[in-house]
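One structure, pasted below without further comment.
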Amino acid sequence: MNRAVVLGGGLAGVLAATVLARHVDEVVVVERDHFPAAPGPRRGLPQSHHSHVLVTGGAEALATLLPGTLQELYAHGAHRRGLPGDSLILSGDGWFHRFDCAAYFISCTRGLLDHVVRRRAGVRVRQGVQVLGLTGDARRVTGVRVTGAETIEAGLVVDATGRRSQAPRWLAEIGGPPIEETTVSTGLAYATRICQAPPGLDDLPAIMLHPTPGLPRGATLLPLEGGRWVATLTGTQGSAPPLDEAGFLAFARSLRDPIVAELLAMTAAEGPIRPFRDTANRRRHYERAALPAGFAAIGDAAVAVNPLYSHGMSVAALGALRLDRELRCAGAGPGLQAALVAEAEPSWRMAVARDRHVNGTEPEPQVSEHARKVRARLARARLGSAELAAELFHAQALIPAPPLDGAARFHALAGEPAPPLTSDQARRQYPALTFGATTPR
């Protein structure tokens, strides 16, 4: 294959181009936006102002694709936090005890991550170029039409333009098949504030307050490079977090625990509070269609889950790693798209299983009283058991869960679970949260 064209110069596009450069003579990446000279938000990526993390599976994939990238991120101030070893988490069932599950995430600004990845990848991106459509026919995609009345011919076109991709329309214009789409709305909205951490308190654990059916409000407070925190408050579309400072703090005080509000009250805001409403799970089922040869979609362009699960960047990295394996073993054949989608399947299943019930469009399945009691007991036991919690946190981190033998599960059900932690006990697991006046309780 002489040339491949990647549509979109974001993380998914740059990683796909990195892989393609190993298999084709030339890779052309086109991006309608312009990148900032230094790490920072960009206009074409409105969510860049919000929190972004790489979970374990994505971090390991990125390290394989571009060795040394994680170390460079850490050198620039990115933070690694264990789940739940370095994270204070209030779930719907209570506070998690502090233990190591070998699952973690990396927190930094999206601007820093993209900047470091682009630099290490060394991929040249044609910026300020908008895609107008595809060329070819129902049997094969032969290239793309871009602004300036230019056509770029290619043996493979990879769509990495994200959740707002226009590829289904572009395919239809050349006689391609209709693309079935699934959308699972969440009814959720969130707002984010970046702030300067107080002196000496820039290395806190991650803090996560989960919503419950009775109080569908939550929060995360994550560390960023430069001695900053990023705070995200979550609510429903009808009761979204306010965008003014007083309202934002009042919303934080209304949560199940006041710790996020207490910490935010000690900070200085860095920029405005920014909303985000597009939290729906969207999937374009390219793998079900008789796609023309020479076309594939990767990352959010194919499968985009609710951003609150923080899986988008990790799925993009896992997809790029799978692209490399497929090109080495099978080439860009008819099974390529199904292989790429398979990497997003665990994230999609987890997100949709949870979000189908959030907006009330699909009720929770009915279970027997016995099954309900077993689930409740397991949930309580998981709060204090690393063996039981690993299954949950490994799924969230997109890595395989360690095997759990029947004896451990039986002991969790038959034995007495660890006593639930009070808010004060949960905080005292982390010395940084008992520093000075941080927690006046």
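Just give me the residues in region 148-191 being on the phi > 0 side of the Ramachandran plot and either surrounded by fewer than 18 Cβ atoms within 10 Å (Cβ to Cβ) or among the acidic types (Asp, Glu) (or both), in sequence order.
Going through region 148-191, the residues on the phi > 0 side of the Ramachandran plot turn out to be 148-149, 162, 175, 187.
Result: Gly148, Ala149, Gly175, Gly187.
Do any residues in region 189-208 that are without any contact (Cβ under 8 Å) to a residue 60 or more places away in the chain have Cβ atoms under 9 Å from those of residues that are of a type in the set (Lys, Arg), where the two are at least six apart or on different chains, and which pairs are they?
So the pair list comes out as Asp202/Arg228.
When you scan region 385-415, how many residues do you find that are at pLDDT 80 or above and part of a loop (DSSP other than H, G, I, E, B)? Even if it seems obvious, please write down each step before you answer.
Let us first name the residues in region 385-415 that are at pLDDT 80 or above, namely 385-403.
The next check asks that each one be part of a loop (DSSP other than H, G, I, E, B); those that pass are 385, 397-403.
Count: 8.
A follow-up question, please. How many residues are over 30 Å from Leu134 (Cβ atoms), within 23 Å of the chain's Cα centre (by Cα) and not in a loop (DSSP other than H, G, I, E, B) if we restrict to region 172-214?
Counting residues in region 172-214 that are over 30 Å from Leu134 (Cβ atoms), within 23 Å of the chain's Cα centre (by Cα) and not in a loop (DSSP other than H, G, I, E, B) gives 12.
I've got another one for you. Which of the residues spanning region 42-77 are in a loop (DSSP other than H, G, I, E, B) and within 16 Å of the chain's Cα centre (by Cα)? Can you show your working first?
Residues of region 42-77 that are in a loop (DSSP other than H, G, I, E, B), as a first pass: 42-45, 50-51, 66-68, 76-77.
Selection gives Leu45, His50, Ser51.
Tell me, which strands (runs of 3 or more DSSP E) wholly within region 266-317 include 1 or more residues that are at pLDDT below 95 and surrounded by fewer than 23 Cβ atoms within 10 Å (Cβ to Cβ)?
Working: elements: 274-276, 281-284, 295-297.
By residue number, 274-276.
Can you name the condition, by its number, that Val367 falls short on among (1) assigned to a loop (DSSP other than H, G, I, E, B); (2) under 29 Å from Asn2 (Cβ atoms)?
(2)
Limited to region 265-297, what total is found for residues that are among the aliphatic types (A, V, I, L, M) and touching a strand residue (DSSP E or B) at 6+ places or on another chain (Cβ under 6 Å)?
Filtering region 265-297 for residues among the aliphatic types (A, V, I, L, M) gives 265-266, 268-269, 273, 280, 289-291, 293, 296-297.
This time we only want the ones that are touching a strand residue (DSSP E or B) at 6+ places or on another chain (Cβ under 6 Å), so: 268-269, 273, 280, 293, 296-297.
Selection size over region 265-297: 7.
Mind listing whichever residues of region 4-41 are touching a strand residue (DSSP E or B) at 6+ places or on another chain (Cβ under 8 Å) and in a helix (DSSP H, G or I)?
Gly13, Val14, Ala16, Ala17, Leu20
Okay, next question. Just one of Ala59, Ala38 is within 29 Å of Gln196 (Cα to Cα), at pLDDT 95 or above and among the hydrophobic types (A, V, I, L, M, F, W, C); which is it?
Details: Ala38 fails: at pLDDT 95 or above.
The conditions single out Ala59.
Just checking, how many residues over region 74-109 are touching a residue at least 60 places away in the same chain (Cβ under 8 Å), touching a Phe, Trp or Tyr at 6+ places or on another chain (Cβ under 7 Å) and under 16 Å from Ala59 (Cβ atoms)?
Of the residues in region 74-109, 4 are touching a residue at least 60 places away in the same chain (Cβ under 8 Å), touching a Phe, Trp or Tyr at 6+ places or on another chain (Cβ under 7 Å) and under 16 Å from Ala59 (Cβ atoms).
Looking only at region 110-144, which residues are assigned to a strand (DSSP E or B) and touching a residue at least 60 places away in the same chain (Cβ under 8 Å)? Walk me through it before giving the result.
Just the residues of region 110-144 that are assigned to a strand (DSSP E or B), to begin with: 125-127, 131-136, 140-144.
Result: Val125, Arg126, Gln127, Val131, Leu134, Gly136, Arg140, Val141, Thr142, Gly143, Val144.
Report yes if Ala338 is out of contact with any strand residue (DSSP E or B) (no Cβ under 7 Å at 6 or more places or on another chain), closer than 27 Å to His49 by Cα and either in the same structural domain as Ala160 (by TED's automatic domain parsing) or assigned to a loop (DSSP other than H, G, I, E, B) (or both), otherwise no. Can you show your working first?
On the way: out of contact with any strand residue (DSSP E or B) (no Cβ under 7 Å at 6 or more places or on another chain): yes; closer than 27 Å to His49 by Cα: no; either in the same structural domain as Ala160 (by TED's automatic domain parsing) or assigned to a loop (DSSP other than H, G, I, E, B) (or both): yes.
No: the conditions fail for Ala338.
Looking for whichever is surrounded by 12 or more Cβ atoms within 10 Å (Cβ to Cβ) and free of Cβ contacts under 8 Å to residues at least 24 places away in the same chain here; the options are Glu391, Glu369. Which one fits? Before you say what the answer is, go through the steps one by one.
Working: Glu369 fails: surrounded by 12 or more Cβ atoms within 10 Å (Cβ to Cβ).
Exactly one residue qualifies, and that residue is Glu391.
Identify the single condition in (1) touching a helix residue (DSSP H, G or I) at 6+ places or on another chain (Cβ under 9 Å); (2) at positive phi that Ala316 does not satisfy, given that it satisfies every other one.
Evaluating Ala316 over (1) touching a helix residue (DSSP H, G or I) at 6+ places or on another chain (Cβ under 9 Å); (2) at positive phi leaves (2) as the failure.
The values are calculated or read from the model by the stated rules, or taken from the named source; none is laboratory data. Keep in mind it's a predicted model, so treat the numbers as computed, not measured. Cβ atoms come from the backbone with ideal geometry, glycine included; neighbour counts cover every protein chain shown.
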